[in-house]
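A.B. asks: What follows is a single structure, and I will ask about it in a moment.
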Amino acid sequence: FCMRRSTSLYFNADSASTLFVCLDEVYAFKGHKLNNQFKSLITESTRVIEPKGRDRYTIEDYRCFVATTNNPDAFKIDPGDRRFYSIEVSDEWSTKAVLDGRKTHEERDAYFSHLLGNRSGEARMATSDETREVARHFYWYLMRRDIRAYNPRTIVASEFREDQLEINRDPIELFLEAWTSNELTHLCPDLQDLTSASGAASSNMQGSSVWTLFGAFVKDSHIYYSGTRHAFFRTLAAGHRRGQYTALKYVKYEKRRGAAKGHYQLVL
């Protein structure tokens, strides 16, 4: 995430009184490695202030965060997570609307000029005074909003949130779903006759082949996976013990020099 000044941990005294933080153009930095840090940031009730050249101190944290992004996978949202309220706003007056031919440059300029009170329709940037005035109106709009019926423990559903949940699903779970649905035959022609008429698995795969197939699936589906081969099989085994990933079963069939050998079998 591009978290600067108001979210910084060092020399952040100038943001000590911040109440509203806008994170602009958020993206999935390094495959969501900072996602847990951001969850902690918006959940904790206190924060540390460290003025330059002075001792750090702790204050109550009342900040609210709003993030904008053009990336559907910017946040890793898990089922049941109440931290994020995800909505998709209209792009009617965006640059993309102009590029798509839905609006002209003149129409877009006239719209934003009208918002600034400039009736001539001439395009220009907002002044500092105008920006502060918009912020003041927005602040008082929020302060006067009736939230007595609002329950923060209620997860607000939205189509955009459901899309993000789908994007951030477990890659191994998606892989096994695609495999059991026979959707991987274009990646591995040998899977064409994977199932027999009885529905049982008709072919087995060595671990190296399963890993290769998973790698091809991740690449073909544009899914981010940072784990190693060892981590993949360790996660697969741990999930199987918890009742997950039951579609793939490891079958031991012999021992050589004290080490068990086997193959993976798809359970349909």
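The values are calculated or read from the model by the stated rules, or taken from the named source; none is laboratory data. Since we're looking at a predicted model, the values are computed, not measured. As a convention, Cβ positions derive from the backbone with ideal geometry for all residues, glycine included, and neighbour counts pool all protein chains shown. Remember, those area values only see protein heavy atoms, side chains included, never the ligands or the DNA or RNA. Shrake-Rupley method; radii C 1.70, N 1.55, O 1.52, S 1.80 Å.
A.B. asks: At a 1.4 Å probe radius, carbon and sulfur cover how many percent of the accessible area of segment 51-102? Kindly include the intermediate steps, with their values, before the conclusion.
C.D. replies: Details: 1910 of 3910 Å².
Taking all protein chains in place, segment 51-102 shows 49 percent carbon and sulfur surface.
A.B. asks: May I ask you to compute the full-extension gain from GLU177 to VAL98, defined as 0.36 nm times their residue separation minus their alpha-carbon distance, rounded to one decimal in nm? Don't skip to the end; give the middle numbers.
C.D. replies: Values: separation 79, 0.36 × 79 = 28.44 nm, distance 3.94 nm.
Extending this stretch completely gives an extra 24.5 nm.
A.B. asks: Arranged from highest to lowest average of other beta-carbon atoms within 10 Å per residue, in what order do the peptides 165-175, 35-45 appear?
C.D. replies: 165-175, 35-45
A.B. asks: Continuing with this model, one more query. State the extension gain, in nm to one decimal, for the chain segment bounded by ALA13 and LEU116, taking 0.36 nm per residue of separation less the distance between their alpha-carbons. If you can, show how the numbers build up before the last one.
C.D. replies: Numbers: separation 103, 0.36 × 103 = 37.08 nm, distance 3.27 nm.
Gain on extension, ALA13 to LEU116, equals 33.8 nm.
A.B. asks: Could you list, in their original order, any pairs among LYS39/LYS103; LYS76/LYS96; LYS52/LYS76 whose Cα atoms are separated by more than 31 Å?
C.D. replies: Violating the 31 Å Cα-Cα cut-off are LYS39/LYS103; LYS52/LYS76.
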